[in-house]
1. Restricting to region 40-78, count the residues that are free of Cβ contacts under 8 Å to residues at least 24 places away in the same chain, under 24 Å from Arg105 (Cβ atoms) and crowded, with 18+ Cβ neighbours inside 10 Å.
2. Out of the residues in region 25-58 that are assigned to a helix (DSSP H, G or I) and of a type in the set (D, E, K, R), state the one that is nearest to Ala102 (Cα to Cα).
3. State yes or no: is Ala103 closer than 20 Å to His25 by Cβ, among the hydrophobic types (A, V, I, L, M, F, W, C), touching a residue at least 24 places away in the same chain (Cβ under 8 Å) and surrounded by 10 or more Cβ atoms within 10 Å (Cβ to Cβ)?
4. State all residues of region 119-147 that are among the aliphatic types (A, V, I, L, M), under 20 Å from the mean Cα position of the chain (by Cα) and over 23 Å from Asp37 (Cα atoms); if no residue qualifies, say none.
5. Could you go through region 27-34 and let me know if any residue there is without any contact (Cβ under 8 Å) to a residue 12 or more places away in the chain, under 18 Å from Leu137 (Cβ atoms), in contact with a helix residue (DSSP H, G or I) (Cβ under 9 Å, 6 or more places away or on another chain) and aliphatic (A, V, I, L, M).
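A short reminder: the numbers here are calculations on the coordinates, not readings from a lab. The structure displayed is predicted, hence computed values, not measured ones. For neighbour counting, all protein chains shown are included, and Cβ atoms are generated from backbone atoms with ideal geometry for every residue, glycine included.
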Amino acid sequence: MPPADLQAFAVQLRRMNGEVNRLVHTFAAAQGLHPTDVQALGAILDADEPMTPGRLREHLGLTSGAVTACVDRLERAGHIRRSRESTDRRVVHLHYEAGARAAARAFFLPLATAAEAATARFAPEELDAALRFLTALNEELGRDGAR
């Protein structure tokens, strides 16, 4: 069987993006948030090191004022907390609150269940290849020239 063509990948990626966006919008509405706020939560959750408002601004491509408003909304809603760095009090770190994390986990359980069911249909080496593809695609999309 020949490998899937680029259009077939594009169709499936758009479909997956649409399904994830539907879930994100539903979660945002249920939490009284904007979908961008949910993107911010994901960025805070997935960060390799403590997230700062500046890094969040770069990640989301927003203005400083828009990030401040987003962080304020998330903090008021109990999803995150701010803390000052101990060695440099000017640095603010953003932390995902444990209770909010549990609420998100519960809401997105159908996504996790679907992912688990889908992965069960593939051999480990196939999943490794799929993960490498998604990682490479995200790296390419993250390049300045791809935006």
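1. Counting residues in region 40-78 that are free of Cβ contacts under 8 Å to residues at least 24 places away in the same chain, under 24 Å from Arg105 (Cβ atoms) and crowded, with 18+ Cβ neighbours inside 10 Å gives 1.
2. The qualifying residue nearest to Ala102 (Cα to Cα) is Asp46.
3. Against the criterion (closer than 20 Å to His25 by Cβ, among the hydrophobic types (A, V, I, L, M, F, W, C), touching a residue at least 24 places away in the same chain (Cβ under 8 Å) and surrounded by 10 or more Cβ atoms within 10 Å (Cβ to Cβ)), Ala103 qualifies.
4. Of everything in region 119-147, those that are among the aliphatic types (A, V, I, L, M), under 20 Å from the mean Cα position of the chain (by Cα) and over 23 Å from Asp37 (Cα atoms) turn out to be Ala130, Leu131, Leu134, Ala136, Leu137, Ala146.
5. The first filter runs over region 27-34 and keeps only residues without any contact (Cβ under 8 Å) to a residue 12 or more places away in the chain, leaving 28-29.
Still in the list and also under 18 Å from Leu137 (Cβ atoms): none.
No: region 27-34 contains no residue that is without any contact (Cβ under 8 Å) to a residue 12 or more places away in the chain, under 18 Å from Leu137 (Cβ atoms), in contact with a helix residue (DSSP H, G or I) (Cβ under 9 Å, 6 or more places away or on another chain) and aliphatic (A, V, I, L, M).
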